[in-house]
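Colleague: Here it is, the structure, as C-alpha cells.
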Amino acid sequence: MSRLITLMLCVLATMALAEARVHRFKWDVKYEFKSPDCYKKLAITINGKTPGPAILAQQGDTVVVEVTNNLVTENLAVHWHGIRQIGSPWSDGTGSVTQCPVLPGDTFTYRFVVDRPGTYLYHAHYGMQREAGLYGSIQVSLPDGMAEPFAYDYDKSIILSDWYYQSTYEQAAGLSSNPIVWVGEPQSLLIQGKGKFDCSKLAPPSSDPSACNATNPECSAYVLTVVPGKTYRLRISSLTALSALSFQIEGHNMTIVEADGHYVEPVVVQNLFIYSGETYSVLIKIDQEPSRNYWITTNIVARNATATTPPGLAVLNYYPNHPKKVPPTDPPAGPIWNDVAPRLAQSQAIKARQGYIHTPPLESDRVIVFLNTQNNINGYVRWSLNNVSLALPQTPYLVALKENLHHSFDQRPLPDQLPDFASYDIYRVANNTNATSSNAIYKLKFNTTVDIILQNANTMDENRSETHPWHLHGHDFWVLGYGTGKFDINNDPKKYNLVNPIMKNTVPLHPYGWTALRFIADNPGAWLFHCHIEAHFYMGMGVVFEEGVESVGKLPSEIMGCGETKGFKRP
C-alpha cells in the first residue's frame, strides 16, 4: 500500500510540474504622494499602488518580475519573503548579501519558483525602504485537483503595517547619530494600506492646508464584505516596521490553520498576535447577527504606544448591509500591551498539523547560542549578537564567496557562544565594552543540522527587554521551543518538541526569554538571518550564513556592479 501511495504522489507531482506556468510582471517603482491615513506624504509605490499588486500562483510555477527603479535618488532591492530560492539564491533580493542594489533608472529581473503552497510576502530590502510602502502579498495555491486539510468558501489577504510620517532618510540619520535619535512610535496602523489619523492632532500645523484631509476617499476604512453563512480564509500578514500587533474581529473567533506556509493543528483565538514578517491563515465563520457590521481592529502590543498610536480600524461588512454602515458598538479594546503570557502561550500552541508533520533530525551537528543585546559601540547605539553588530559590506557576500573575493569582508570566525554566557545576567544593563561591528559571517558545513538559540536580554535601559521577530532567508526552520529567563544548555534541550514542531521562516523572541530553532543547511548560498524590525536591522541586529556556495550555479552579471564587482557587470 505504501508503495502505491508513493507512486500516486510521484504521478501527482509530475503532473503538477508538467502544468507549471510562468507568471510575468512588470513593476514601475517610484515615489508618489499618498494619503493612506488621510495625511499626505511620499510613499514608494508599485505601478501607482501601495500595498503593491498581489502575486497569485500555483505550487511549482515560475514567477518573473521585471522591477524598474524609478526612485530617482535611491537604490532598490526586493525580497521575496518565505520563498526559499532553491537554485536561484541571486534572486533573494537582499542588498549587500545576494545582489548589488538596483540603480536608479535600471531594470532588474527576478526569477524564482514558488515550490510550496501557502502565504508569503514581498518587500523592499535596501536601507529602510520597506516602511515607505514597498510591499505586497504572495499567495501560492495547490495544483489543480489537490485539496487542503480544511474547507472554506472564500479566500482574502490582509496586510497589516504601521506608518510613519518621517522619511526613511530622517530615521536613518537619527539612528546613526550620537546621541541616537530614536524613530519613536508610528503615527498610524494600516489595515490593507488604509488607516485614519486624527487631523486635529497634527503638531506643528502643516504649512499645506491639504496635508491632512479626513474626507479624502483614499483613507476610507478598509471594508471586507462577507456573506452570512459562509466560511472565509483570511491570510493575515504583518509587515510593520516596528510594531508587534494584535488582530481581532469583533464578535468572531478565528481558527489558525496555517503559519508561514505550513499547516497548523487548529487553534481557536480571539486575538491573533502577529509579528513583523509572519503570515497566518485563519478561518472565520460568518455566523453573527446579520443586520449589522462589525469592527476589525489591530493594536500594538509589546510596546507602550497607547498614547501615540491609535488602533487600526476596518469594517467587516455583512452583506447586504451598506459597507459604510458604522458598527453600533465601540471597537473592542486590545489586550494589555505588556502582558507577555498570552503572546507566549500562542507561540507555544502552534504545532504542525497531523498528516503534514515534517519530523526534524533528532540531533544537531552544531549549536549556536546568540545573545541578543543592545550595546554602545564607539559612542553609537547598536544591536549585537554575541557582542558583534553586523555591518554590511559593499560587495555582496554571495558574489564575494563564489568569486573568491575574500578580501572584501572579514574572514575571521565568529563565536558560536560567548565565553561568559553561563554567567551573563540577562536582567541587568551590561557594559559589554568589547562589543564591535563586523562584516564577518558564519560558515556552515553543507547539509549539516544547525541549532540556533536566540537569547533575549536587557537593553541599555533598566528593566527593558524588547520583542524581536527573527527571519531566516533561504530556509524554513523547526521551532523546537520557547522559554522564559536564561537558556539552560544542559536541561532546556530535553524539553524540545521533536514530535510535531511547526516549521516557519519568522519567529518571535519574547522579552527576557529564549527561542530554539533547528534547520538543515542544505540550500547553497549566502543567507541573512535578522530581526525584522527595520530600525533594529539597520542598527546591526543580524548575521549571515554561508553554506555550499561552491555548488551555486553561474552567477548572473546583473547582480554585480558594486564594491569589488564593478568590473564584473557586462552590458
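The values are calculated or read from the model by the stated rules, or taken from the named source; none is laboratory data. Bear in mind the structure is a predicted one, so any value in this text is a computation, not a measurement. Ideal geometry is used to build each Cβ from the backbone, glycine not excepted, and the neighbour counts take in all protein chains shown. Quick note on the areas: whole protein, heavy atoms, side chains included, nothing else; ligands and nucleic acids left out. Shrake-Rupley method; radii C 1.70, N 1.55, O 1.52, S 1.80 Å.
Colleague: One residue is enough: does the range 442-463 have a residue meeting the conditions in contact with a Leu (Cβ under 7 Å, 6 or more places away or on another chain) and open to solvent by 20 Å² or more (accessible area, probe 1.4 Å)?
Modeller: Looking through the range 442-463, none of the residues is in contact with a Leu (Cβ under 7 Å, 6 or more places away or on another chain) and open to solvent by 20 Å² or more (accessible area, probe 1.4 Å).
Colleague: Just checking, which of Val268, Val257, Val282 is without any contact (Cβ under 8 Å) to a residue 40 or more places away in the chain and either open to solvent by less than 20 Å² (accessible area, probe 1.4 Å) or more than 16 Å from the chain's Cα centre (by Cα) (or both)?
Modeller: Numbers: Val257 fails: without any contact (Cβ under 8 Å) to a residue 40 or more places away in the chain; Val282 fails: without any contact (Cβ under 8 Å) to a residue 40 or more places away in the chain.
Checking each option against the conditions leaves just Val268.
Colleague: Please verify whether the range 301-311 includes one or more residues that are in a strand (DSSP E or B), open to solvent by less than 40 Å² (accessible area, probe 1.4 Å) and touching a residue at least 24 places away in the same chain (Cβ under 8 Å). I'd like the intermediate steps shown before the answer.
Modeller: Keep residues of the range 301-311 that are in a strand (DSSP E or B), which gives 301.
Those left that are additionally open to solvent by less than 40 Å² (accessible area, probe 1.4 Å): 301.
Keeping just the survivors that are touching a residue at least 24 places away in the same chain (Cβ under 8 Å) gives 301.
Checking the range 301-311: at least one residue is in a strand (DSSP E or B), open to solvent by less than 40 Å² (accessible area, probe 1.4 Å) and touching a residue at least 24 places away in the same chain (Cβ under 8 Å).
Colleague: Within the range 20-42, track down each residue that is of a type in the set (D, E, K, R), free of Cβ contacts under 8 Å to residues at least 60 places away in the same chain and under 23 Å from Thr68 (Cβ atoms). Walk me through how you get there before you give the answer.
Modeller: Filtering the range 20-42 for residues of a type in the set (D, E, K, R) gives 21, 24, 26, 28, 30, 32, 34, 37, 40-41.
From what's left, free of Cβ contacts under 8 Å to residues at least 60 places away in the same chain: 21, 24, 26, 28, 30, 32.
Arg24, Lys26, Asp28, Lys30, Glu32 - these are the residues of the range 20-42 that are of a type in the set (D, E, K, R), free of Cβ contacts under 8 Å to residues at least 60 places away in the same chain and under 23 Å from Thr68 (Cβ atoms).
Colleague: Related question: What are the residues in the range 25-51 that are in a strand (DSSP E or B), within 12 Å of Glu218 (Cβ to Cβ) and open to solvent by 30 Å² or more (accessible area, probe 1.4 Å), if any?
Modeller: Glu32, Phe33, Lys34, Tyr39, Lys49
Colleague: Being β-branched (Val, Ile, Thr), more than 25 Å from Leu509 (Cβ to Cβ) and free of Cβ contacts under 8 Å to residues at least 12 places away in the same chain is true for just one of Thr225, Thr231, Thr215. Which residue is that?
Modeller: Thr215
Colleague: Okay, moving on. Would you call Thr225 of a type outside the set (Lys, Arg), surrounded by fewer than 20 Cβ atoms within 10 Å (Cβ to Cβ) and more than 18 Å from Tyr39 (Cβ to Cβ)? Outline the logic, then answer.
Modeller: Values: of a type outside the set (Lys, Arg): yes; surrounded by fewer than 20 Cβ atoms within 10 Å (Cβ to Cβ): yes; more than 18 Å from Tyr39 (Cβ to Cβ): yes.
Answer is yes for this residue.
Colleague: Looking at (1) at pLDDT below 95; (2) open to solvent by less than 20 Å² (accessible area, probe 1.4 Å), which is the one condition that is false for Asn434?
Modeller: (2)
Colleague: Taking the options His471, His475, name whichever one is modelled with pLDDT of 95 or more, closer than 21 Å to Ser237 by Cα and outside any strand (DSSP E or B). Spell out how you get there, then give the answer.
Modeller: Details: His471 fails: outside any strand (DSSP E or B).
So the residue among His471, His475 that is modelled with pLDDT of 95 or more, closer than 21 Å to Ser237 by Cα and outside any strand (DSSP E or B) is His475.
Colleague: A further question follows. Just to check your reading of the model, which residue among Phe529, Phe477 is under 17 Å from the mean Cα position of the chain (by Cα) and without any contact (Cβ under 8 Å) to a residue 60 or more places away in the chain? Break it down into steps so the answer makes sense when it comes.
Modeller: Working: Phe529 fails: without any contact (Cβ under 8 Å) to a residue 60 or more places away in the chain.
Unique residue meeting the criteria: Phe477.
Colleague: Something else about it: Assuming Gly334 fulfils every condition listed in (1) within 24 Å of the chain's Cα centre (by Cα); (2) of a type outside the set (Val, Ile, Thr); (3) modelled with pLDDT of 95 or more apart from one, which condition is it?
Modeller: The failed condition is (3).
Colleague: Continuing with the same structure: Taking the range 276-300 only, how many residues are within 20 Å of Leu190 (Cβ to Cβ) and of a type in the set (Asp, Glu)?
Modeller: Of the residues in that region, 1 qualify.
Colleague: Moving on. Here's a check for you: in the range 148-157, which residue that is under 16 Å from Thr225 (Cβ atoms) and of a type in the set (Asp, Glu) is surrounded by the most Cβ atoms within 10 Å (Cβ to Cβ)?
Modeller: Asp155
Colleague: Quick check on the range 524-564: of everything there that is in contact with an Asp or Glu (Cβ under 7 Å, 6 or more places away or on another chain) and either open to solvent by 10 Å² or more (accessible area, probe 1.4 Å) or outside any strand (DSSP E or B) (or both), which residue is farthest from Thr506 (Cα to Cα)?
Modeller: Pro524
Colleague: Ok, one more. Inspect the range 158-165 for any residue being at pLDDT 95 or above, small (Gly, Ala, Ser) and open to solvent by 10 Å² or more (accessible area, probe 1.4 Å) and give the result as yes or no.
Modeller: No, the range 158-165 contains no residue that is at pLDDT 95 or above, small (Gly, Ala, Ser) and open to solvent by 10 Å² or more (accessible area, probe 1.4 Å).
Colleague: Between a first residue in the range 451-471 that is charged (D, E, K, R) and a second residue that is part of a loop (DSSP other than H, G, I, E, B), which pairs have beta carbons less than 7 Å apart while being 6 or more apart in sequence or on different chains?
Modeller: Asp451/Ser364; Glu462/Val429; Arg464/Asn458; Glu466/Thr459; Glu466/Pro511
Colleague: Looking at this structure, is Ser188 under 19 Å from Ala307 (Cβ atoms), surrounded by 17 or more Cβ atoms within 10 Å (Cβ to Cβ) and either among the small types (Gly, Ala, Ser) or out of contact with any strand residue (DSSP E or B) (no Cβ under 9 Å at 6 or more places or on another chain) (or both)? Explain how you work it out, then say what you get.
Modeller: Details: under 19 Å from Ala307 (Cβ atoms): yes; surrounded by 17 or more Cβ atoms within 10 Å (Cβ to Cβ): yes; either among the small types (Gly, Ala, Ser) or out of contact with any strand residue (DSSP E or B) (no Cβ under 9 Å at 6 or more places or on another chain) (or both): yes.
In short, yes.
Colleague: Same structure, new question: Kindly evaluate Asn497 against the criterion of being of a type outside the set (Lys, Arg), within 20 Å of Arg343 (Cα to Cα) and in a loop (DSSP other than H, G, I, E, B). Explain how you work it out, then say what you get.
Modeller: Working: of a type outside the set (Lys, Arg): yes; within 20 Å of Arg343 (Cα to Cα): yes; in a loop (DSSP other than H, G, I, E, B): yes.
Yes; evaluated as a whole, the condition is true for this residue.
Colleague: Quick one: count up the residues across the range 391-401 that are under 24 Å from Arg366 (Cα atoms) and open to solvent by 40 Å² or more (accessible area, probe 1.4 Å).
Modeller: First, pick out the residues of the range 391-401 that are under 24 Å from Arg366 (Cα atoms): 397-398, 401.
The next check asks that each one be open to solvent by 40 Å² or more (accessible area, probe 1.4 Å); those that pass are none.
Within the range 391-401, residues that are under 24 Å from Arg366 (Cα atoms) and open to solvent by 40 Å² or more (accessible area, probe 1.4 Å) number 0.
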